[in-house]
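Below: the structure, in structure tokens.
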Amino acid sequence: MAIKFARFNIELSETSNSEKIADEWQSMLNDAAIEGYANSYEIFYSSQLGVVGVSIPYESEDPISLLEAGAVLGFCQSRCEQSDIGEGQSMWLSLHEADDSTIYSPI
């Protein structure tokens, strides 16, 4: 079965302390993924795009693994919405191939 990735993405506001805020988000997302019972996950940050997030692998032919990934991402999103880290961020979910090409993203 092919491995794909479900992601929760946060677009950071452009500020002078973006790196500090990205570090705070990464730490919080790491804790949230653990608390959300993620079996496997990766926290990422792209300074070029100004996006930080968490990526959960799922098996493309196993709908239950996508649901499990979605549950973890939903937990992470809930924690982010409750946090007071930064302001003015956009948050969205996306699906990606193993080569990082986008399957679906509203942004």
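The values are calculated or read from the model by the stated rules, or taken from the named source; none is laboratory data. Being a predicted model, the structure only gives us computed values, none of them experimental. As a convention, Cβ positions derive from the backbone with ideal geometry for all residues, glycine included, and neighbour counts pool all protein chains shown. Accessible surface areas use protein heavy atoms only, side chains included; no ligands, DNA or RNA. Shrake-Rupley method; radii C 1.70, N 1.55, O 1.52, S 1.80 Å.
Evaluate region 6-20: report whether one residue or more is assigned to a loop (DSSP other than H, G, I, E, B), among the β-branched types (V, I, T) and open to solvent by 70 Å² or more (accessible area, probe 1.4 Å).
no
Here is a list of conditions, (1) surrounded by 12 or more Cβ atoms within 10 Å (Cβ to Cβ); (2) more than 22 Å from M1 (Cβ to Cβ); (3) among the hydrophobic types (A, V, I, L, M, F, W, C); (4) in contact (Cβ under 8 Å) with a residue 40 or more places away in the chain, and I107 meets all of them except one; can you say which number that is?
Single failed check for I107: (1).
Cβ contacts < 8 Å: first residue closer than 16 Å to I56 by Cα, restricted to region 23-35; second residue open to solvent by less than 50 Å² (accessible area, probe 1.4 Å) and among the aromatic types (F, W, Y), any location; separation 6+ or different chain. Result?
Partner pairs satisfying both residue conditions: L29/F8.
Would you say L73 is touching a strand residue (DSSP E or B) at 6+ places or on another chain (Cβ under 7 Å), open to solvent by 40 Å² or more (accessible area, probe 1.4 Å) and in a helix (DSSP H, G or I)?
In short, no.
For region 63-107, name all the residues that are in contact with an Asp or Glu (Cβ under 7 Å, 6 or more places away or on another chain), within 22 Å of E24 (Cα to Cα) and among the aliphatic types (A, V, I, L, M).
Passing the criteria: only I85.
Please find, within region 76-91, the residue that is nearest to N39 (Cα to Cα) out of those that are assigned to a helix (DSSP H, G or I) and open to solvent by 60 Å² or more (accessible area, probe 1.4 Å).
Applying the filter and picking the extreme gives R79.
Being open to solvent by 40 Å² or more (accessible area, probe 1.4 Å) and either touching a His at 6+ places or on another chain (Cβ under 9 Å) or modelled with pLDDT of 95 or more (or both): is that true of Y37 here?
Answer is yes for this residue.
Does S94 qualify as being touching a helix residue (DSSP H, G or I) at 6+ places or on another chain (Cβ under 8 Å), among the polar types (S, T, N, Q) and open to solvent by less than 50 Å² (accessible area, probe 1.4 Å)?
Spelling it out, it is not the case that S94 is touching a helix residue (DSSP H, G or I) at 6+ places or on another chain (Cβ under 8 Å), among the polar types (S, T, N, Q) and open to solvent by less than 50 Å² (accessible area, probe 1.4 Å).
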